[in-house]
Amino acid sequence: MNKRPIILGIETSCDETAVSIIQDNESGIPKILSNIVSSQFDIHKEFGGVVPELAARSHVEKINLIAKKALDESGITLDKVSAVAVTSGPGLIICLSVGLNFAKSLASSLKVPFIGVNHLEGHALSPRLQTNINYPYLLLLISGGHSQFLSVNGLGSYTRLGTTIDDALGEAFDKTAKLLGIEFPGGPKLEKFAEKGDPNKFKLPKPIINKGGCNLSFAGLKTAILRIMKNINSEQAKYDLAASFQKTIEEILYFKSKIAFKEFSKNKVLEEKNFIVAGGVAANNGIRKKLIQVSNENNFKSIFPDFELCGDNAAMIALVGLEKFKQNKFNNLDLSASPRLPLDSSAKFLKGPGIKL
Ligand SMILES: Nc1ncnc2c1ncn2[C@@H]1O[C@H](COP(=O)(O)OP(=O)(O)OP(=O)(O)O)[C@@H](O)[C@H]1O
Ligand SMILES: [Mg+2]
């Protein structure tokens, strides 16, 4: 019998119903036995954004099926599962509740540990599904709801160095795509759209570029795009605007990463300085190229998760579950969903008007 723990991970925090089964491995890199992700793009398309009630209903309808598919594909039977891990926050509360309730029932019926996972910690550790990375490392988390530079000190230990003071980067991509008339979900399609345009055609703002350390701000870009859109009517001008947006984001991240490198390196002697870029927006090729460049120039090694592990998935949730399992960090079955669950709970809340940087 194989004694290496097997974790069943579940993710339902937003509009992906996902179940994955992973197994610990002596290499330190767990084996992904299955990783099923079912997206709900078609359900939300006509509304131009995620409708929480419809998302939750779809999770309820699909979770059994997706779990069965993940088990079938892994070749694992339920009696071999060592623990059940599930996203407990942050996310849409009614969506989180579906995964949590399913996970609790499963864990209690199997009589195995139940482990609640912070979705952001899933993104933060996701490259560890492919490569061994020593702590601490610098993380840039760029997703639909978050944009932060963090020092990842160890499992459950994070120091936030910078955060967005308004929109998340994925949100900026989604909103810009919507203004440009790109069909939902527009964020991932924007880069392709931009390839047909001239990136130097429009000069867009780079909010707080010269202040606030490695904090970020993207809301001003959306306002600028809205203003420019009122005065353009050709398809080519839209391509040019998309290209200008893509280039501006690359430049902001290049500049702010340099500041984050300095802050992360302060008072540290490290043999190897790793820069992990994770979250849905890490799938953007132009951003990847620019961040590889800035890392090379500053003696950091850049590491990106594979494309299928950038967006929401349950393998990253199972991974955090596995690391917690090894440290006996389990939860009781009364764990509730947390719509807001920061990685660094001691960091100041930096959102809204009147923020002093
Ligand atoms: N190639 C791409 N270029 C730019 N943005 C992208 C790309 N692919 C995905 N995104 C963006 O990534 C976001 C989705 O990422 P992810 O699934 O990690 O976010 P989320 O789970 O909604 O938010 P969070 O993880 O913060 O709770 C969306 O905003 C989407 O537009
Ligand atoms: Mg996510």
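Read-outs throughout are calculated quantities, based only on the coordinates presented, and are distinct from any laboratory measurement. Keep in mind the model is a prediction, meaning the values are calculated, not measured. Cβ coordinates were reconstructed from backbone atoms using ideal geometry, including for glycine residues, and neighbour counts include every protein chain displayed.
One way to sum up the overall shape of the stretch 100-213 is the equivalent ellipsoid from its Cα gyration tensor, whose semi-axes run 34, 21, 13 Å, largest first. Seen from A56, the other residues with C-beta closer than 13 Å to its C-beta sum to a net charge of -2, counting Lys and Arg as +1 and Asp and Glu as -1. Highest average first, the peptides 184-197, 70-83, 156-169 ordered by how many other beta carbon atoms sit within 10 Å of their residues are 156-169, 184-197, 70-83. P(r) tail for the stretch 132-304: Cα pairs beyond 22 Å make up 42% of the total.
How do 323-333, 309-319, 120-130 rank on mean C-beta neighbours within 10 Å, highest first?
Packing proxy ranking, top to bottom: 309-319, 120-130, 323-333.
The long axis of helix 52-74 is offset from the longest Cα principal axis of the chain by roughly 50 degrees.
Using only the Cα atoms of the stretch 149-190, what semi-axes does the equivalent ellipsoid have when each is the square root of 5 times a gyration tensor eigenvalue? Give whole Å, largest first.
In descending order the semi-axes read 31, 11, 6 Å.
Can you give the percent of C-alpha pairs in the stretch 16-94 whose distance is more than 22 Å? Roughly 35 percent, rounded to a whole number.
Phi angles of the stretch 222-233 translate, via the Karplus equation with coefficients 6.51, -1.76, 1.60 and θ = phi - 60°, into HN-Hα couplings of 4, 5, 5, 4, 4, 5, 5, 4, 5, 10, 10, 9 Hz per residue; Gly and Pro are given as x. In the stretch 314-354, the inverse of the mean reciprocal separation of distinct Cα atoms equals 13.1 Å; this is its Kirkwood hydrodynamic radius. In the chain, Rg over Rh equals 0.98, where Rg is the alpha-carbon radius of gyration and Rh the Kirkwood radius from pairwise Cα distances. Restriction of the trypsin sites (Lys or Arg not before Pro) in the stretch 1-75 to DSSP coil positions whose beta-carbon has at most 12 other beta-carbons within 10 angstrom yields K3. Pairs of Cα atoms nearer than 8 Å and 6+ residues apart set the relative contact order; for the stretch 132-304 it is 26 percent. Contact order for the chain, expressed relative to its length and based on alpha carbon pairs under 8 Å spaced 6+ residues apart, stands at 24 percent.
The local environment of F255, defined by Cβ-Cβ distances under 11 Å, has a net charge of +2 under the rule Lys, Arg +1 and Asp, Glu -1.
Contact order, relative form, for the stretch 2-69: 30 percent (alpha carbon pairs under 8 Å, 6 or more residues apart, mean separation divided by residue count).
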